[in-house]
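Below is one structure, written out as structure tokens; comments come after it.
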Amino acid sequence: MHNDRHKHKPMAKVIRRTAALAMGFLFSISALAGGTDEIIRIPVPEARTTAPTAQQSVADERKALPADTVAGTVAEERESIFRSRPLSLAFSHFTWGAEAGASLDLTSHDLSTFDVDVLLGYKNSFIKLAGVGAGIHRSVHKGNNFIPVYAVFRSSFRSRPSLLFLNVQAGYSFNSFGDGKSVGDFMGALGVGINLQQTRTAKSYFVLSAAYQYFNAENQEKIGIYSNYIFFARLMFGVNF
């Protein structure tokens with residue numbers, strides 16, 4: 001009996017030691033688990049799921065521009081019929097241009113003409129043109145030449161861009177007729193213009209006007225046209241810079 005008791009003592013020690021190690025291991029695991037309660041959160045930028053649209057790109061570009069530039073661009077989109085490149089021409093106050101067209105005689109005197117004019121003058125946001133012009137108007141059938149020199153004023157009467165503008169002309173015409181006779185007298189025109197298209201350097205337009213050529217009594221005797229006024233319907237296509 002005494003020997004059996006001594007044989008079981010080492011076995012009991014092994015069991016107690018193993019149990020102590022197991023309990024220590026469990027306590028260490030609990031301590032580690034309790035120390036990781038705090039979670040570290042790292043901010044991650046939200047991914048953009050869709051590509052920017054064309055409207056968003058335009059809006060982003062306009063945000064980077066000064067407010068007055070954006071406002072001018074939006075307004076100029078309504079200034080012309082064709083809006084491919086709506087850009088302001090107000091880089092300077094000087095402007096010049098050329099026009100070509102025709103004048104239809106409304107008084108049955110066979111004085112309809114093909115017309116070429118050149119204009120130059122001053123401009124700003126309110127005035128399209130305030131200056132002078134000159135032209136050569138060649139009669140279709142009789143070989144008569146009209147050389148008008150005139151003052152011209154064009155404006156939409158608003159500082160913001162506009163499709164339409166008023167055209168007013170008044171001056172003096174040097175006239176040479178086919179039979180060699182030359183006379184001169186007053187002329188004028190009143191009409192409306194419409195902007196077609198503008199680029200960074202030029203603007204195109206049409207002008208439709210009611211025009212007249214005046215002849216006093218002396219000149220009527222010279223040329224054999226017994227009418228104080230010859231009225232025309234005039235259509236001109238022009239480009240100004």
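Can you pull out the residues in the range 192-204 that are part of a strand (DSSP E or B) and open to solvent by less than 30 Å² (accessible area, probe 1.4 Å)? Within the range 192-204, GLY193, ASN195, LEU196, GLN198, LYS203, SER204 meet the criteria. Filtered by the rule that a residue be assigned to a strand (DSSP E or B) and either free of Cβ contacts under 8 Å to residues at least 40 places away in the same chain or within 38 Å of the chain's Cα centre (by Cα) (or both), the range 176-186 gives SER176, SER182, GLY184, ASP185, PHE186. When residues in the range 113-143 are screened for being under 19 Å from LYS181 (Cβ atoms) and modelled with pLDDT of 90 or more, 5 of them pass.
Within the range 128-160, being in contact with an Asp or Glu (Cβ under 9 Å, 6 or more places away or on another chain), farther than 16 Å from PHE237 by Cα and surrounded by fewer than 19 Cβ atoms within 10 Å (Cβ to Cβ) holds for ARG138, VAL140, HIS141, LYS142, ARG160. Here ARG200 fits the description: in contact (Cβ under 8 Å) with a residue 60 or more places away in the chain and out of contact with any strand residue (DSSP E or B) (no Cβ under 8 Å at 6 or more places or on another chain).
Those residues that are open to solvent by 80 Å² or more (accessible area, probe 1.4 Å) and either assigned to a strand (DSSP E or B) or closer than 14 Å to PHE186 by Cα (or both), I need them from the range 220-241; list them, please. Spell out how you get there, then give the answer.
First, pick out the residues of the range 220-241 that are open to solvent by 80 Å² or more (accessible area, probe 1.4 Å): 221-222, 226, 229, 231, 235, 237, 241.
Correct list: TYR229, PHE231, LEU235, PHE237.
Looking only at residues that are part of a strand (DSSP E or B) and among the hydroxyl-bearing types (Ser, Thr, Tyr) in the range 103-131, which one is nearest to VAL207 (Cα to Cα)? Looking at residues that are part of a strand (DSSP E or B) and among the hydroxyl-bearing types (Ser, Thr, Tyr), I get SER103. Here SER173 passes the criteria (1) in a strand (DSSP E or B); (2) surrounded by fewer than 18 Cβ atoms within 10 Å (Cβ to Cβ); (3) touching a residue at least 40 places away in the same chain (Cβ under 8 Å); (4) of a type in the set (S, T, N, Q) except the one numbered (2).
Quick check: is even one residue across the range 205-219 among the β-branched types (Val, Ile, Thr) and open to solvent by 20 Å² or more (accessible area, probe 1.4 Å)? The answer is no, given that none of the residues of the range 205-219 is among the β-branched types (Val, Ile, Thr) and open to solvent by 20 Å² or more (accessible area, probe 1.4 Å).
I'd like to check something: does the range 221-229 contain any residue that is at pLDDT 95 or above and either of a type in the set (D, E, K, R) or touching a His at 6+ places or on another chain (Cβ under 6 Å) (or both)? The answer is no; no qualifying residue exists. Restricting attention to the range 132-141 and to residues that are hydrophobic (A, V, I, L, M, F, W, C) and in a strand (DSSP E or B), the residue that is nearest to PHE94 (Cα to Cα) turns out to be VAL132. Only one entry in ALA189, ALA211 is part of a strand (DSSP E or B) and touching a residue at least 60 places away in the same chain (Cβ under 8 Å), namely ALA211. Scanning the range 142-161 for residues being closer than 25 Å to LEU104 by Cβ, touching a Leu at 6+ places or on another chain (Cβ under 9 Å) and not in a strand (DSSP E or B) gives a total of 2.
The values are calculated or read from the model by the stated rules, or taken from the named source; none is laboratory data. All values reported here derive from a predicted model rather than from experimental measurement. Cβ sites come from the backbone with ideal geometry, for glycine too, and all protein chains shown count toward neighbours. Accessible surface is based on the protein model in full, side chains and every heavy atom, while ligands, DNA and RNA are left aside. Shrake-Rupley method; radii C 1.70, N 1.55, O 1.52, S 1.80 Å.
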